[in-house]
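Got a structure for you, questions after.
No value in this document is a laboratory result; all are computed from the given coordinates. Since the model is a prediction, treat every value here as computed from it, not as a measurement. With ideal geometry, Cβ positions are generated from the backbone for all residues, glycine too; neighbour counts draw on all protein chains shown.
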Amino acid sequence: MLKKSYQLLLLVVLAFSLVLAGCSSNSTSSNGGKDSDSDGKLKEAEEQPLAKKEGNSITVGVADNFISMDPHDTNDTLSYSAQKSMLEGLVGFDKDMNVIPVLAEDYEASDNAKEFTFKLREGVTFHDGTPFNAEAVKVNVDRLADPDNNLKRHSLFSLVDKTEVVDEYTVKVSLKEPFGAMINNFAHPAAMMISPKALEEYGKDVARNPVGTGPYKFSEWEPGDHLSVEKNEDYWQDGLPKLDGITFKPVPENGSRVAMLQTGEADYIYPVPTEQANEIQGKDGIVIESDPSIIVRYMSMNTNKEPFNDLKVRQAINYAINKEAFVKVVMQGFGSELDSVIAPNTQFYSKQDPYKYDIEKAKQLLKEAGYENGFEATIWGSNNSSTMKGMEFLQQQLSQVGIKLDVEPMESGTMSDKIWSVENPEDAEIELYYGGWSPSTGDADWGIRPLLGGESFPPQSYNTAYYKNDKADKLINDALQTADPDVREKAYADVQKILWEDAPWAFLAVTNTMGGKKNYLEGVYLLPDGSLSVQEAEIKQ
Amino acid sequence: MLKYFVKRVVGIIPILIIVSVLIFLFVHMIPGDPARLVAGPDASYQDIELVREQLGLNESLPSQYFSFVGNIFQGDLGTSLKTKRPVFDELATRFMPTFWLSVWSMAWAVLIGLLIGVISATNRNNWKDYLGMFGAVSGISLPSFWLGLMLIQLFSVKLGWFPTGGLDSWKSYVLPSLTLGAGVAAVIARFTRSSLMDILKEDYVRTGRAKGLRERKIVWDHSLKNALIPVVTMTGLQFGFLLGGSIVIETVFSWPGLGRLLIDSVSFRDYPVIQACMLLFALEFILINLVVDLLYGVMNPQIKYE
């Protein structure tokens, strides 16, 4: 009798799973037959009628919780995305990470890159009615420059010596030493202006009560649930803002975030999981937008350690990896090959000759280096699924030339212990490290110095390759002594060439930003640094 | 009874002290450096050292422990390293959503679980029993994150009845509480079934049948109450787990509850929040156990408290 009951149970289970398989075929088919045509390009969105939209407010679904609304004390791109709807800086970035004037009408740098003068826009007021003027700028820059305030973004302004009010609408910032990339630090969202009155009134609670000059005003923030902003009727730019309000909702699960866009509960979501991008493109009025970011993917090699101290081994590894396949397999095609240490949208980028995928050449170089039969090495990286996929891909690729990789994924806390608690470079266990970097100031300096500068070894910074080249260091340093773009461009072109040929990394890819929107929404886009711009958002009906 | 109650309540204090030591050690022993995480990815070495000093993380473990406990006695749970808000506020805003979600999940889990359990027990080994137990096995074995996503696809995307997530109105409770309650309902159904089957074999049940009582009266009035004691114990435990917040459910449904707060805090090594969350969970379990123990007496007056 028992046996009979099991048979029955089995039958019912089978029937049930068939039904469920039917339901789910929709969302999993991309793993099946469709793979053949996923050459990585985003499907062309077919003409579809504008989706329906009620009201003049939008909801934006994001992947994580916001941490702070105080730009001076923020280091996550996500919090900046919400802040940027309410606050503005003297200068900012446009769609291609070029520095553009915002609250400053004009700016100039002295030749020695030590003095920066800003001519401010007149007639701008903060949301609380405080006038925006040179005095307000001074309060903000002073706050950032004072180490005692213990702000996360102090490091971008630690070089500031003093800030002077020249007249009501002119302000001059002097540095202790030359720093050619300073204007990019001002364009960084960290330098957005907070109302001096709010700073005084709220103290450090300004992180929960942001008052700026932006197109939207802070409305409310329920941590973990939502953050909303409302229209600033007195915004200084004509014709903006075009919406009544914006609500940001953290939705950590990829599938749920996509569902929100499908149902119209969200009008914009990011990031769109690359696995599902082609699936939802062009249905339910959804349009996916995928553009090159400034985030680079690389594998660093500890140049202090055998066998990676040998240039030939490092070059061999670069030749042994099929970068095109990397982009296709690991990033579902939503990316491009990395052809310098920094991405094309980073300032002063200069394209290098690619290491073309060539196994024979790689083998030849390994042979010359005395590793004809390959060797074994360990690769470290974080334990999220896309990183693990990347490391496994590298494992597979390098096995073709006899290099056996041991993949060791680590939880972030463990990894930071293993990499950044090492005081002496000689004690470093690290061999290969699979990492990513977004130079948030958009300048070459921040894309190169922390990662490959000779003074950036852990625990100081992020030079996991323990790479030191005096010539490169000198060029990096020289480039900071001036604000003259031509001089800097030349220096960084030379640096990039040296780094490329010295190959302290396996150069892999530049990732794409992935946003999804309903087709009635215009003017919302992701910047190459991964932050969202909603200032010009509008609904077309 | 009163004496017993007082004794139990007083007994909570040493338990909490032991728990607090364990939690503290556990939290500080997991690898990872909060100072580095607080200071952020582009912070310099000097900045990180400064942060470490300000957070008091360079002091010895015992002195950190005593300042942690000392502050608790003054009603101060500390400040979140991540958001710099008081930990009490962090917990307070997250507690109610998790609490109500737990209550709703529990309410219908008990209702459905009991019903299925009773039907199965009284229809032993016929199709109703199989169907009920099939439902129960599925409820336990379906991964809740998958079930949640399926419910979203069906009821939110296809039918548009309920929101995909968040907490806006009563509608927001439906899908997450169904998903969360499924497993609990299944466990309750199975416990009820086996417990009730045992009771139905008792002599007094046979006597009842012999004297001509209706089967319905025997089951619902005479047997079920006795069968419920293990079910209540188990239900109490389940409720304790629910109150800790389900990381999976809260992630799938973007629920602003304690489970997500805990997981976010763990990955950020936000020591004060992790400690406070775990202390809260311990306290919840202790209180639920107390309530369950007192309920025994209500269900079976023969149970005496000493």
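What is the angle, in °, between the Cα long axis of helix B:2-29 and the longest principal axis of the Cα atoms in chain B? Nearest 10 is fine, range 0 to 90.
For helix B:2-29, the angle is close to 50 degrees.
Now for a separate question. Amide H to amide H under 5 Å from A:Lys217: which residues, 5+ apart in sequence or cross-chain, H placed 1.01 Å off N in plane?
A:Glu230, A:Lys231, A:Asn232
Report, in degrees rounded to the nearest 10, the 0 to 90 angle that the Cα long axis of helix B:87-122 makes with the longest principal axis of chain B.
20 degrees
Extension gain B:Lys128-B:Ile12, at 0.36 nm per residue separation less the Cα-Cα distance, in nm? Display every interim value, and only then the final one.
On the way: separation 116, 0.36 × 116 = 41.76 nm, distance 4.45 nm.
Stretched out fully, the B:Lys128 to B:Ile12 stretch lengthens by 37.3 nm.
Also, I was wondering about something else. For each of B:His222, A:His154, count neighbouring Cβ atoms within 10 Å of the residue's Cβ, then give the residues from fewest to most.
Values: B:His222 18, A:His154 23.
Fewest to most other Cβ atoms nearby, the residues stand as B:His222, A:His154.
Separate question: Quick one: Cα centre-to-centre distance for the range B:110-168 and the range B:276-306, in angstrom?
Their Cα centres are 28 Å away from one another.
Measure nothing fancy, just the Cα-based angle from helix B:61-73's long axis to the longest principal axis of chain B, in degrees from 0 to 90, nearest 10.
It works out to around 60 degrees.
Could you list which residues have their amide H under 5 Å from that of A:Ile67, counting only those 5 or more apart in sequence or on another chain, with H placed in the peptide plane?
It is A:Ser79, by chain and number.
Whole-Hz ³J(HN,Hα) for each residue in the range A:191-206, computed from phi via Karplus 6.51 cos²θ - 1.76 cosθ + 1.60 with θ = phi - 60°, x for glycine and proline: what do you get?
Ordered by residue, 3J(HN,Hα) equals 9, 6, 8, 10, 4, x, 5, 5, 4, 6, 5, 9, x, 6, 6, 4 Hz.
In straight Cα distance, which lysines are under 22 Å from A:Lys172, not counting same-chain residues fewer than 8 positions off?
Hits, sequence-local ones excluded: A:Lys114, A:Lys119, A:Lys138, A:Lys162, A:Lys197.
Ok, one more. Looking at the range A:266-370, which trypsin sites (Lys or Arg not before Pro) are DSSP coil and have at most 12 other C-beta atoms within 10 Å of their C-beta? Write out the running numbers ahead of the final one.
Numbers: sites: A:Lys283, A:Arg297, A:Lys305, A:Lys312, A:Arg314, A:Lys323, A:Lys328, A:Lys351, A:Lys356, A:Lys361, A:Lys363, A:Lys367; in loops: A:Lys283, A:Lys305, A:Lys351, A:Lys356.
For trypsin sites (Lys or Arg not before Pro) across the range A:266-370 that sit outside H, G, I, E and B with at most 12 neighbouring Cβ atoms in 10 Å, the list reads A:Lys283, A:Lys351, A:Lys356.
Alpha carbons only, please: Rg and Dmax for the protein assembly as shown, in angstrom.
Taking only Cα atoms of the protein assembly as shown, I get Rg and Dmax of 30.6, 107 Å.
Over chain B, one equal point on each Cα, no solvent: what is log10 I(q)/I(0) by the Debye formula at q = 0.07, 0.08, 0.14, 0.15 Å⁻¹?
With no solvent term, the Cα-only Debye profile gives -0.38, -0.49, -1.13, -1.20.
Quote the relative contact order of chain A in percent (integer), defining contacts as alpha-carbon pairs under 8 Å separated by 6+ residues. Show your work: numbers first, answer last.
Numbers: 1126 pairs, mean separation 109.7, N = 541.
RCO, chain A: 20 percent.
Tell me, how many Å apart are the Cα centres for the range A:454-483 and for the range A:347-401?
Distance between centres, Cα-based: 24 Å.
With the Cα gyration tensor of the range A:279-404 in hand, convert its eigenvalues to equivalent ellipsoid semi-axes via √(5λ) and list them largest first in whole Å.
On the way: eigenvalues 187, 58, 36 Å².
In descending order, the three semi-axes are 31, 17, 13 Å.
Could I ask something else about it? Would you pull out the residues with amide H under 5 Å of A:Phe93's amide H, same chain only if 5 or more places away, H placed 1.01 Å from N?
A:Ile100
Helix by helix, which DSSP H runs in chain A go 30 Å or more along their axis at the Cα atoms and have an average Kyte-Doolittle hydropathy of 0.5 or more? Could the numbers behind the result be given before it?
Details: long enough: A:2-28 (38 Å, 1.14).
For chain A, where a helix must reach 30 Å along its axis and average at least 0.5, the hits are A:2-28.
Would you work out which of B:Phe155, B:Leu261, B:Val137 lies farthest towards the positive end of the dipole of the range B:91-299, given +1 charges on the beta-carbon of Lys and Arg and -1 on that of Asp and Glu, about the Cα centre?
B:Val137
Taking the range B:150-306 on its own, what percent of its Cα-Cα pair distances exceed 21 Å? Walk me through the numbers on the way to the answer.
Details: 7601 of 12246 pairs.
Summing the P(r) tail past 21 Å for the range B:150-306 gives 62 percent.
Still on this structure: Enumerate the lysines that A:Lys312 could reach by cross-link, defined here as Cα to Cα under 25 Å, with residues fewer than 8 away along the same chain left out.
Straight-distance partners of A:Lys312: A:Lys323, A:Lys351, A:Lys356, A:Lys361, A:Lys363, A:Lys367, A:Lys404, A:Lys468, A:Lys471, A:Lys474, A:Lys497.
Could you check what % of the DSSP bridge pairs in the protein assembly as shown are antiparallel, to the nearest 5?
Working: 59 of 76 bridges.
Around 80 percent antiparallel, to the nearest 5.
Another one. Can you run phi through the Karplus equation (6.51, -1.76, 1.60; θ = phi - 60°) for the range B:193-201 and list ³J(HN,Hα) in whole Hz, with x for Gly and Pro?
The phi angles translate into 4, 5, 5, 5, 4, 4, 5, 5, 8 Hz.
While we're looking at this one, here's another question. Find, among the GluC sites (Glu not before Pro) in the range A:202-255, those assigned to loop by DSSP (not H, G, I, E, B) with at most 11 other beta-carbon atoms within 10 angstrom.
Working: sites: A:Glu220, A:Glu230, A:Glu233, A:Glu253; in loops: A:Glu233, A:Glu253.
Taking the range A:202-255 and a limit of 11 other Cβ atoms within 10 Å, the loop GluC sites (Glu not before Pro) found are A:Glu233.
For B:Ser194 paired with A:Glu275, estimate the spin-label separation in nm (one decimal), with each label point 7 Å from Cα along the Cα-to-Cβ line.
Result: 3.6 nm between the two label points.
Give A:Lys204/A:Lys249; A:Lys204/A:Lys242; A:Lys52/A:Lys389; A:Lys84/A:Lys249 a once-over and call out the pairs whose C-alpha atoms are over 27 Å from each other.
Numbers: A:Lys204/A:Lys249 24 Å; A:Lys204/A:Lys242 31 Å; A:Lys52/A:Lys389 39 Å; A:Lys84/A:Lys249 16 Å.
Pairs exceeding the cut-off: A:Lys204/A:Lys242; A:Lys52/A:Lys389.
List the longest stretch of chain B that has no exposed loop site; here a site is one of the trypsin sites (Lys or Arg not before Pro) assigned by DSSP to anything other than H, G, I, E or B, with at most 12 other Cβ within 10 Å. Could the numbers behind the result be given before it?
On the way: sites that count: B:Arg124, B:Lys201, B:Lys211, B:Arg214, B:Lys304.
By the stated rule (loop sites, at most 12 other Cβ atoms within 10 Å), B:1-123.
If I take R0 = 22 Å and measure r between the Cβ atoms of A:Ala63 and A:Lys389 in this structure, what FRET efficiency does the formula 1/(1 + (r/R0)^6) give, to the nearest 0.05?
0.75
Enumerate lysine pairs in the range B:91-299 that are 8 or more residues apart or on different chains, then count those whose Cα atoms are under 28 Å apart.
10
Which of the aspartates and glutamates could be linked to A:Lys328 by a straight reach, that is with a Cα gap under 12 Å, when you skip same-chain ones fewer than 8 residues away?
A:Asp35, A:Asp37, A:Asp39, A:Glu275, A:Glu337
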